[in-house]
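Inspection log for the structure reproduced underneath, given as structure tokens.
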Amino acid sequence: MHILLTGGTGLIGRALCRQWGQQGHQLTVWSRTPEKVASLCGEQVRGVGVLDEVGMQSVDAVINLAGAPIADRPWTRKRKQLLWASRITLTEQLLAWLQQRQQRPRVLISGSAIGWYGDGGERELDEGSGQITDDFGAQLCGAWEETAQRAEALGIRVVLIRTGLVLSTEGGFLTRLLPPFRFGLGGRVGDGRQWMSWIHIADQIALIDYLLQQEQASGPYNACAPQPVRNAEFASALGRVLHRPTLLPAPAFILRLAFGEMAGLLLGGQRAQPARLLEAGFRFRFTDLDAALADLLGRH
Ligand SMILES: NC(=O)c1ccc[n+]([C@@H]2O[C@H](COP(=O)([O-])OP(=O)(O)OC[C@H]3O[C@@H](n4cnc5c(N)ncnc54)[C@H](OP(=O)(O)O)[C@@H]3O)[C@@H](O)[C@H]2O)c1
């Protein structure tokens with residue numbers, strides 16, 4: 001299969017390239033730095049700086065994951081514009097390119113996040129749930145999904161991946177938590193009751209591959225393990241695996257002062273269920289947080 005990726009140089013994209021490269025698929029990554037693609041994604045992966053470089057060659061599937069990091073810095077007006085443009089404008093460009101092509105892929109798998117639901121509080125959220133709050137993260141995911149969904153009118157199957165917190169030691173949320181937790185400076189955030197829907201990177205890759213192959217799969221899928229935990233439980237689990245105390249809470253008012261509106265990402269949460277993946281027959285390798293963390297951090 002010839003698979004075109006956006007965001008292929010990112011945490012999830014690199015892992016997908018590794019897996020699909022080993023399986024012999026032909027891979028092209030649309031990147032702002034195409035010259036770095038081979039070193040980041042694998043020697044056999046081609047980087048293109050503009051989509052027209054793909055040329056007449058047929059493309060079987062498109063995986064759309066590009067987007068500026070959401071939790072890297074406070075959401076100023078300028079930052080929000082970048083978060084928006086790097087997902088929605090980029091997806092619009094992808095669609096315009098797909099539209100003018102004679103040969104079109106059979107499937108578009110496009111990114112989103114469980115932040116689509118907003119702050120869900122205590123509610124269990126599956127793909128049948130509506131948006132609970134209308135914060136910036138929810139608006140961003142909503143617009144990203146709506147834009148990608150338009151590919152359906154071009155005869156393309158569209159799958160939307162509402163990703164939870166991806167656990168990996170190669171980047172993302174866990175790698176940021178590790179330094180303070182390793183020094184025994186970790187702890188819950190706010191009152192620690194907010195829900196965290198997490199997923200092991202191996203399951204994230206496996207489910208994207210699964211949905212690529214399931215010809216019937218379309219629409220939104222929550223990409224998170226079936227056992228979300230409260231923030232305080234997450235902190236305790238990480239402390240247990242690292243053999244470190246987790247007694248230092250990060251008070252909510254300090255986070256609000258430091259991060260402004262973005263603090264909502266840490267102080268709110270989602271108790272999401274991967275209902276549609278389970279219905280589709282997908283089997284998670286990691287359903288227990290301690291086992292997932294032990295696997296990643298090498299303590300069994
Ligand atoms: N990891 C998670 O826990 C998580 C959770 C929920 C949702 N997601 C979403 O899933 C997608 C993939 O996640 P990830 O963790 O693999 O992301 P990532 O490591 O941050 O990589 C995203 C990719 O997006 C591209 N990008 C970054 N800034 C950009 C900009 N300003 N304009 C255009 N492209 C830009 C980059 O590709 P180039 O440098 O090659 O252009 C980068 O490799 C992201 O959109 C993310 O928001 C991730």
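Descriptive notes on the structure:
- Close Cβ contacts (under 7 Å, 6 or more residues apart or on different chains) running from residues in segment 126-151 that are under 18 Å from Leu265 (Cβ atoms) to residues that are part of a helix (DSSP H, G or I) and β-branched (Val, Ile, Thr) comprise Ala143/Ile88; Trp144/Ile88; Trp144/Thr91.
- When segment 175-198 is filtered for residues that are of a type outside the set (Ser, Thr, Tyr), within 11 Å of the ligand (Cβ to nearest atom) and without any contact (Cβ under 8 Å) to a residue 60 or more places away in the chain, only Arg176 remains.
- In segment 258-275, the residues that are buried (at least 17 other Cβ atoms within 10 Å of the Cβ), in contact with a helix residue (DSSP H, G or I) (Cβ under 8 Å, 6 or more places away or on another chain) and assigned to a helix (DSSP H, G or I): Phe259, Ala263, Gly264, Leu265, Leu266, Leu267
- Search result, residues across segment 86-100 that are in contact (Cβ under 8 Å) with a residue 12 or more places away in the chain and either closer than 21 Å to Phe173 by Cβ or open to solvent by 30 Å² or more (accessible area, probe 1.4 Å) (or both): Ser86, Arg87, Leu90, Glu92, Gln93, Gln99
- Matching option when the condition is open to solvent by 70 Å² or more (accessible area, probe 1.4 Å) and either on the phi > 0 side of the Ramachandran plot or modelled with pLDDT under 95 (or both), among Leu247, Leu255, Leu278: Leu247
- The criterion of being more than 19 Å from Ala71 (Cα to Cα), hydroxyl-bearing (Ser, Thr, Tyr) and within 15 Å of the ligand (Cβ to nearest atom) does not hold for Ser129.
- Applying the condition of being of a type in the set (Val, Ile, Thr) and not in a strand (DSSP E or B) to segment 218-246 and asking which residue is farthest from the ligand (Cβ to nearest atom) yields Thr246.
- Residue in segment 4-12 that is within 11 Å of the ligand (Cβ to nearest atom), surrounded by fewer than 20 Cβ atoms within 10 Å (Cβ to Cβ) and under 22 Å from the mean Cα position of the chain (by Cα) present: yes
- Residues of segment 21-34 satisfying the condition of being touching a residue at least 12 places away in the same chain (Cβ under 8 Å) and more than 20 Å from Leu11 (Cβ to Cβ): Gln26
- In segment 220-230 there is at least one residue that is modelled with pLDDT of 95 or more and open to solvent by 40 Å² or more (accessible area, probe 1.4 Å).
Here's the yes/no breakdown for (1) at pLDDT 95 or above; (2) within 13 Å of the ligand (Cβ to nearest atom); (3) in contact with an Asp or Glu (Cβ under 7 Å, 6 or more places away or on another chain):
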residue: Leu90; (1), (2), (3): yes, yes, no
residue: Leu94; (1), (2), (3): yes, yes, no
residue: Arg101; (1), (2), (3): yes, no, no
residue: Leu108; (1), (2), (3): yes, no, no
residue: Leu140; (1), (2), (3): yes, yes, no
residue: Glu152; (1), (2), (3): yes, no, no
residue: Ile161; (1), (2), (3): yes, yes, no
residue: Leu165; (1), (2), (3): yes, yes, no
residue: Phe173; (1), (2), (3): no, yes, no
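- Subset of segment 291-300 (residues that are open to solvent by 50 Å² or more (accessible area, probe 1.4 Å) and modelled with pLDDT of 95 or more): Asp295
- Any hit, segment 61-73, residues being crowded, with 20+ Cβ neighbours inside 10 Å, hydrophobic (A, V, I, L, M, F, W, C) and more than 15 Å from the ligand (Cβ to nearest atom): yes
- All of (1) open to solvent by 30 Å² or more (accessible area, probe 1.4 Å); (2) closer than 19 Å to Ile161 by Cβ; (3) not in a helix (DSSP H, G or I) hold for Glu127 with one exception: (1).
- Enumeration of residues in segment 276-288 that are in contact (Cβ under 8 Å) with a residue 60 or more places away in the chain and in a loop (DSSP other than H, G, I, E, B): Ala280, Phe282, Phe284, Arg285, Phe286, Thr287, Asp288
The values are calculated or read from the model by the stated rules, or taken from the named source; none is laboratory data. The structure displayed is predicted, hence computed values, not measured ones. No Cβ is skipped: glycine too gets one built from the backbone with ideal geometry, and neighbour counts run over all protein chains shown. Note: accessible area is taken over every heavy atom of the protein model, side chains too, but ligands, DNA and RNA are not part of it. Shrake-Rupley method; radii C 1.70, N 1.55, O 1.52, S 1.80 Å.
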